[in-house]
Structures are given as structure tokens and as C-alpha cells.
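Right, one structure below, let's go through it.
The values are calculated or read from the model by the stated rules, or taken from the named source; none is laboratory data. What you are looking at is a predicted structure, and each value in this text was computed from that prediction instead of being measured. Quick reminder, even Gly has a Cβ in these numbers, built from the backbone with ideal geometry, and neighbours come from all protein chains shown.
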């Protein structure tokens, strides 16, 4: 089993209309139930918008704290899943469900299998 | 022997060790050993079996040495080998698994092509780099990155389930056809044709046709490649200049390849499960039946293009259909079709337009269209041909 990150790429800007979000929430709930039933669920959560982000850097052993996301772009990561899957095809199958539910592109990335540190 | 057995051996060894690099190294070792031993000892009863067994034993020896130095990769590969008994039987399935891995949609097309030629074709990185005119370090890096993604992202060695097979097979067929086309009209460079790539694509096509006899598009692609390949000798002059289909000496077409291709097309027609490769093969079969360009059954070719456009609405198909329409309904009708296509950056669009304008006596426009076509092609033989055509119109 490999752990995969499924990240939702969301365009910047305000939230979509509430009736649209309702159907997205329904589909996401169904998908998460499926993940749990299949034993593939590890973690999933949506994120607050990039305007709530803070970046920390250390220079000369001193923390520098700045407002805002690390990278400003047209899209940001709106939320993510961590799932267990036997191979990439299985992970892509879940990503497809996620893309259908959110109508947004989903980036799939494998986690390193053994903690390196 | 090397080309024929390399893909099979690598596929089996990847299955055994679960690691592409270990498999490649082991197979290379075994072939080196074969070169040293066989001339003196004579050919073993089953050369392919000898290669696979030797490769497996040598890899295990090597991995044991590495594993004792606490190399995690080597330990994992050894562990995998213990659980995977070596199967002497259905080794063909291993190659099929491997080509679906090489052509997995999670890999870029360039990586799919390079991996297929490397692992199934047994071409060296140098040969692949030369074939695609990229620097060798670039190609080496592309292969390393692709193999790394297969390993780390967990791209499986598996023939896809029936539900996914049509889509995934498209990607495999596209890779094989791309290798063929790159060989048939090298996208750049001095020679029009790079025969080695055509031969490799046909070899892969034959393997696939043996391995997946129930998927009609697989023999369809093979027939298409055979029929196109049959014209290779007639397609260039001794000096390397391009000869268009209408002017080719049809006695120089390869009768054996034509017979084989036509037989496959007939078989496909009987099975009545058409697809884009089978229809294109049928179009080429019609050409191969005609003793001259004039005696070609052009109405049937137009019909086949009509059929093809129901599967593939791309303007390139419409452009090729227009060429056939010119023979049935005249250059004027064809030009009207061509002018409606959005293919301004495709050199053949301008070349075909130029030819139609020339046939209509509109020389000034024809010259301009040839000029545009010439600036858009990177293949030297095609460019020379277009230059000659333009010059024949005078200044």
C-alpha cells in the first residue's frame, strides 16, 4: 500500500453559489463514505482561503513571519485527501471521483513509503 | 536474437524483481555472458530460457552483495524475487503488462515512446536519442525520470481491466504509430525515412497482434503500417528525393507486405468492428490494389474518409479526404473544402492547397502557398520536393 496525496486545485476568488456548493458537498460526502468503506481513507479536509495563510522562515536562527501564501498564483490548494491505495491506477480512480465531485483538477502525488527522517 | 528476446527477458525480470533498473542490468549481464559463452559452448537448448535464468541468478548474486551493505532497494528487490516464482509458461503476458506500463497515461508521450523503445525494443539510450534527435543526456534524463515515476508513484505492471482497456489500448497504439510515423517521415533531419524506427514499430505491432488478437484495432494498426511500409522503396529516388504517391513506380512496391496487409484488412472487415486504424488501413489497401493513380477507386476512398471522419473529426482527416475529393469531383471542389480548414501551421495543408491551386492554373497563389509550406517543414527531402514544385511554376 502506498499513501497518496490528492490535492484540489481551486481558482482564486470568491466561493461559488451556495446551491452549487450544496451538490458538491453531497458528492464529497458520498465519496468519503466510499473511501472509508474501501479502507482507503486516511485523512481529508478543506482549507481556509490563501488570505488566511502565514509563512515562516528562519534566518540567522530568527523566525521571520510574513502574511500571505508562499506562492501567489491564479490557483491555490483548496483542500486535500490522504488515501491508501495499492497502486497509481487505484489512486487515479479516487482522483477521478474527486474531480467529478469538485469539478476541479486533482493532483495525485505519492508519499515516500518509509519515513526518511 | 537480441532484439527479439530483450523485451521478453526484461518483462519477466521486472516481474520477478519489481524494479526496472535491476531487470535491465540483469538482462544486460546475461547477454554479455551469452556473448562470452555461446561461441565456445554452443547454443543452449532454449536460448531465451537461458537468458532469463542467467539474468535472474546474476541479479540475485548482485543484490545479495548489495543487501549485505544495507541497501534498502536491493533488499526490497530480493524480497520481491523470493515471492515471485519464475514462470516459464505465459511469458508473453509479461511483455503485454510491460507495454501497458510503458504507455501509462500518467507518463508524458515522449517518456512513453522512449520507455517502449528502451524496455521492449532493447534500443540503447544512444540509439533512442539519435532517432529523436535529442542530446543523449536529455534522453537519459527522460528515461531516469520516467522509471522513477513508475517506481515512486506505483504505476502498476498490469494489463488494464476490461472497462479501462479501450482507453489504455489507444495510448499503446498511439505510441507504436508515433514511432512508425517518426520513422516514415522524420520530423526533421536530412533523410526522409528512418527505416530502423519503422521496423521497430512493425515488430511491436506484430507482437501486440499476437498478444491481443481479440482487439481488432491492434491488427488494424499492423495492417496500416505494413501497407504504408510497402511503398517505402518507391517513395524516394536514389538521390533521396521524395516521390508523391501518384508518380511512384508501383512495381517497386513490396508485394509481400501488401499481401499481408490486405489479408489483415479483409479479416478486419469480416469481423466488422471498425476503428480509426482499421479504416486507415482499408484506405491504404485500396491504394495498394490500383495499378496506377488514375485507376485508383477514388470514390471508395472518399467513402472510407467519410467513415473515418465519424470517428475522428480532426481537420487533418478532412484535409486528406479533400485530396481524394479532388480526384472524384475536381480540384475546385477540393479547394473549397481545404480553405475551410483551420490548419495554418501544418505544412501539408499549404502543400496540398498549393497543388490544388496549381491544377486550377492559379499559379501566383500556388507559388505563395508552396513558399509557406517550405518555411513550415523541417524535413530536408520534403522541403526539396516542395522547392522543385514551386520552381516548376516559374517566377
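Couple of notes before you dig in:
- Applying the set (1) buried (at least 22 other Cβ atoms within 10 Å of the Cβ); (2) more than 14 Å from every other protein chain (Cβ to nearest Cβ) to residue B:104 leaves exactly one unmet item: (2).
- Scope segment A:28-87; condition within 14 Å of chain B (Cβ to nearest Cβ) and under 17 Å from the mean Cα position of the chain (by Cα); matching residues: A:40, A:83, A:84, A:85
- The residue that is farthest from the other protein chains (Cβ to nearest Cβ), counting only those in segment A:88-117 that are farther than 22 Å from residue A:38 by Cα and within 13 Å of the chain's Cα centre (by Cα), is A:104.
- Scope segment B:155-182; condition assigned to a helix (DSSP H, G or I) and within 11 Å of another protein chain (Cβ to nearest Cβ); matching residues: B:168
- Close pairs (6 angstrom Cβ cut-off, 6 or more residues apart or separate chains): within 14 Å of another protein chain (Cβ to nearest Cβ) in segment B:134-154, part of a loop (DSSP other than H, G, I, E, B) anywhere: B:146/B:107; B:154/A:87
- Qualifying residue in segment B:116-132 (condition: in contact with a strand residue (DSSP E or B) (Cβ under 9 Å, 6 or more places away or on another chain), more than 14 Å from chain A (Cβ to nearest Cβ) and at pLDDT below 90): no
- Residue match in segment B:80-101 (condition: within 25 Å of residue A:90 (Cα to Cα), within 14 Å of chain A (Cβ to nearest Cβ), part of a helix (DSSP H, G or I) and modelled with pLDDT of 90 or more): yes
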